[in-house]
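The values are calculated or read from the model by the stated rules, or taken from the named source; none is laboratory data. Being a predicted model, the structure only gives us computed values, none of them experimental. Cβ coordinates were reconstructed from backbone atoms using ideal geometry, including for glycine residues, and neighbour counts include every protein chain displayed.
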Amino acid sequence: MRNCLICHGDVSSLFGWAAFLGLQKHNPVCEECESAFQKIAGELCRICGREWAMVALDNRHGDLCSDCFRWENDLSATGLLQWNRSVYHYNDHMKEVLARYKFRGDATFVKSFKKAFRETFEAVRNKENPILVPIPLSADRKYDRGFNQSLLLAELLPGKPEELLSRFNSEKQSKKARKERMERENTFYVPDPEPVKGKSILLIDDIYTTGTTVRMAAKVLKDAGAKDISSYTLVRS
């Protein structure tokens, strides 16, 4: 019997020759837990990937939601991020699972996202095969947590992620209000600009909330000579 990574219930699978020969890949999550995740689908905001059906009419500006419209009208941020795409909505089930993954030190949870994270990636990535760059943790945060959740997500994807960004120590973003997140000081830096120059970068992170984190990372990458920067996250809140 195999147990679900999330609820620890039985993950049943039909027995057949594929399973007998070891060719059938076992799902690490039961059907009930997997179905509780809500995938993003349909028409999206051109930049942030928010599901368009969830954007109120008065918050639509052409093909941009009001958040992206404000970003693009900010001279310090316009054009920094080409696009973001995410796999899941931040519903209650995902909120609980993500908290267990990030804040309770359960790195094995990353396996439950592998199938959907890879499938969506294949559908949205550029043909240029950009460099995968996980959003880093500060040294203190990584020591406390024991792993970088964004790096583990990046390692689910084809290709080898490159840790081209570093981060100074800062207060946890989960404890900050939306306005504080958007106004915080940039804590990212590029230790060596050479591998970045002229390259297309795809930032990998666990969640896109206000878009501040990926844009701050994009800013230092752009200043270091990157050609363009997009982002791919597990969740869009």
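Only residues that are free of Cβ contacts under 8 Å to residues at least 60 places away in the same chain and crowded, with 19+ Cβ neighbours inside 10 Å: list them for the range 149-163, please.
Passing the criteria: GLN149, SER150, LEU151, LEU152, ALA154, PRO161.
Give the range 84-94 a look and list any residue that's assigned to a helix (DSSP H, G or I) and either touching a residue at least 24 places away in the same chain (Cβ under 8 Å) or under 14 Å from the mean Cα position of the chain (by Cα) (or both), or say none.
Selection gives HIS93, MET94.
Identify, from the list HIS26, HIS8, HIS61, the residue that is farther than 25 Å from THR120 by Cα and modelled with pLDDT under 90.
On inspection, the qualifying residue turns out to be HIS8.
Checking LYS102 against (1) charged (D, E, K, R); (2) touching a residue at least 40 places away in the same chain (Cβ under 8 Å); (3) part of a helix (DSSP H, G or I); (4) more than 15 Å from GLN149 (Cβ to Cβ), only one condition comes out false. Which one?
The one condition LYS102 does not meet is (4).
Okay, residues lined up against (1) within 20 Å of GLU119 (Cα to Cα); (2) under 18 Å from the mean Cα position of the chain (by Cα):
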{"residue": "SER35", "(1), (2)": "yes, no"}
{"residue": "GLY42", "(1), (2)": "yes, no"}
{"residue": "VAL55", "(1), (2)": "no, no"}
{"residue": "ASP63", "(1), (2)": "no, no"}
{"residue": "CYS68", "(1), (2)": "no, yes"}
{"residue": "GLU72", "(1), (2)": "no, no"}
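Just to check your reading of the model, which residue among ARG141, ARG145 is more than 15 Å from the chain's Cα centre (by Cα), surrounded by fewer than 17 Cβ atoms within 10 Å (Cβ to Cβ) and either more than 28 Å from SER200 (Cα to Cα) or not assigned by TED's automatic domain parsing to the domain that holds SER200 (or both)?
ARG145
With respect to LEU98, determine if the residue is of a type outside the set (S, T, N, Q), at pLDDT 85 or above and closer than 19 Å to LEU221 by Cβ.
no
In the range 88-111, what residues are of a type in the set (Lys, Arg), over 20 Å from GLY49 (Cβ atoms) and surrounded by fewer than 16 Cβ atoms within 10 Å (Cβ to Cβ)?
Within the range 88-111, ARG100, ARG104, LYS111 qualify.
Pick out the one residue from VAL55, VAL29 that is β-branched (Val, Ile, Thr), surrounded by 17 or more Cβ atoms within 10 Å (Cβ to Cβ) and either touching a Leu at 6+ places or on another chain (Cβ under 8 Å) or closer than 28 Å to GLY9 by Cα (or both).
The match here is VAL29.
Matching residues to (1) under 27 Å from LYS219 (Cβ atoms); (2) in the same structural domain as LYS199 (by TED's automatic domain parsing); (3) among the hydrophobic types (A, V, I, L, M, F, W, C):
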{"position": "ASN59", "(1), (2), (3)": "yes, yes, no"}
{"position": "PHE69", "(1), (2), (3)": "yes, yes, yes"}
{"position": "ARG85", "(1), (2), (3)": "yes, yes, no"}
{"position": "ARG104", "(1), (2), (3)": "no, yes, no"}
{"position": "PHE113", "(1), (2), (3)": "no, yes, yes"}
{"position": "ALA116", "(1), (2), (3)": "no, yes, yes"}
{"position": "SER150", "(1), (2), (3)": "yes, yes, no"}
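Could you please let me know if SER170 is surrounded by 15 or more Cβ atoms within 10 Å (Cβ to Cβ) and modelled with pLDDT of 95 or more?
No: the conditions fail for SER170.
Quick check on the range 112-128. Is at least one of its residues surrounded by 18 or more Cβ atoms within 10 Å (Cβ to Cβ), of a type in the set (Lys, Arg) and part of a loop (DSSP other than H, G, I, E, B)?
There is at least one residue in the range 112-128 that is surrounded by 18 or more Cβ atoms within 10 Å (Cβ to Cβ), of a type in the set (Lys, Arg) and part of a loop (DSSP other than H, G, I, E, B).
Just checking, does the range 67-75 include any residue being in contact with a helix residue (DSSP H, G or I) (Cβ under 6 Å, 6 or more places away or on another chain) and surrounded by 13 or more Cβ atoms within 10 Å (Cβ to Cβ)?
So far as the range 67-75 goes, no, none of its residues is in contact with a helix residue (DSSP H, G or I) (Cβ under 6 Å, 6 or more places away or on another chain) and surrounded by 13 or more Cβ atoms within 10 Å (Cβ to Cβ).
In this structure, does ILE201 turn out to be more than 26 Å from LYS95 (Cβ to Cβ) and either outside the structural domain of ASN91 (by TED's automatic domain parsing) or in a strand (DSSP E or B) (or both)?
yes
If you scan the range 192-237, which residues turn out to be closer than 19 Å to CYS65 by Cα and hydroxyl-bearing (Ser, Thr, Tyr)?
TYR208, THR209, THR210, THR212, THR213, SER230, SER231, TYR232, THR233, SER237
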